Amino acid sequence: MKPFTEDVLEVIRSIPEGRVMTYGQVARAAGSPRAARQVARVLHSMSRKYGLPWHRVINAKGEIALKNEEAAYEQQMSLESEGIVVINGRISLNQFQYEKES
DNA sequence: GCCATGGCTAGTA
DNA sequence: GCCATGGCTAGTA
């Protein structure tokens with residue numbers, strides 16, 4: 001597994017319960033500011049086997065990005081079980097976005 | 001070639 | 001709604 005991938009996994013694992021990060025934010029934290037799509041790809045193909053808190057990653061607009069209805073529903077349930085408020089598939093980034101401090 | 005993006009326009013109201 | 005972006009997993013041979 002490549003360093004970038006490992007960094008992405010580590011960043012995702014570091015998101016605390018009850019908080020979210022965006023794809024772009026994860027990419028930046030992993031050292032590749034323009035690799036937001038790769039984050040999506042990693043999540044798509046690796047979240048199951050690596051037991052990631054995949055539900056805590058959303059898009060820059062604060063929305064659940066999954067197209068698949070069932071999966072999107074599952075994500076919403078997981079988020080709500082941690083106290084994150086989801087309204088019309090959208091989360092308030094102001095309230096729930098995790099900002100790593102320096 | 002895939003991907004669960006993102007940011008910036010054009011075009012509507 | 002368009003399109004530039006980029007690092008690589010899964011699956012075949």
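The values are calculated or read from the model by the stated rules, or taken from the named source; none is laboratory data. Every value quoted in this text rests on a predicted model; they were computed, and no experiment measured them. Methodologically, a virtual Cβ is constructed for each residue, glycine included, from the backbone with ideal geometry; neighbour enumeration extends over all protein chains shown. Just the protein is used for accessible areas: all its heavy atoms, side chains included, with ligands, DNA and RNA removed. Shrake-Rupley method; radii C 1.70, N 1.55, O 1.52, S 1.80 Å.
Go through (1) crowded, with 18+ Cβ neighbours inside 10 Å; (2) within 13 Å of the chain's Cα centre (by Cα); (3) over 14 Å from A:ALA40 (Cα atoms) and name the single condition A:VAL86 misses.
Looking at each condition in turn, A:VAL86 falls short on (2).
Give me the pairs: first residue in the range A:85-102 and closer than 23 Å to A:GLU10 by Cα, second residue open to solvent by 100 Å² or more (accessible area, probe 1.4 Å) and modelled with pLDDT of 95 or more, beta-carbon distance under 8 Å, and six or more apart or on different chains, which are they?
Sorted first by the residue in the range A:85-102, then by its partner, the list stays empty.
Within the range A:43-71, track down each residue that is touching a residue at least 12 places away in the same chain (Cβ under 8 Å), of a type outside the set (A, V, I, L, M, F, W, C) and touching a helix residue (DSSP H, G or I) at 6+ places or on another chain (Cβ under 7 Å). Let's see the steps before the verdict.
Within the range A:43-71, the first condition is being touching a residue at least 12 places away in the same chain (Cβ under 8 Å), and the residues that meet it are A:43, A:46, A:50, A:52-65.
Now drop any that are not of a type outside the set (A, V, I, L, M, F, W, C), which leaves A:50, A:53, A:55-56, A:59, A:61-63.
Matches in the range A:43-71: A:TYR50, A:PRO53, A:HIS55, A:ASN59, A:GLY62.
For residues that are more than 17 Å from A:MET77 (Cα to Cα) and surrounded by 20 or more Cβ atoms within 10 Å (Cβ to Cβ), scanning just the range A:40-64, find the one that is nearest to DNA strand B (Cβ to nearest atom).
A:LEU43
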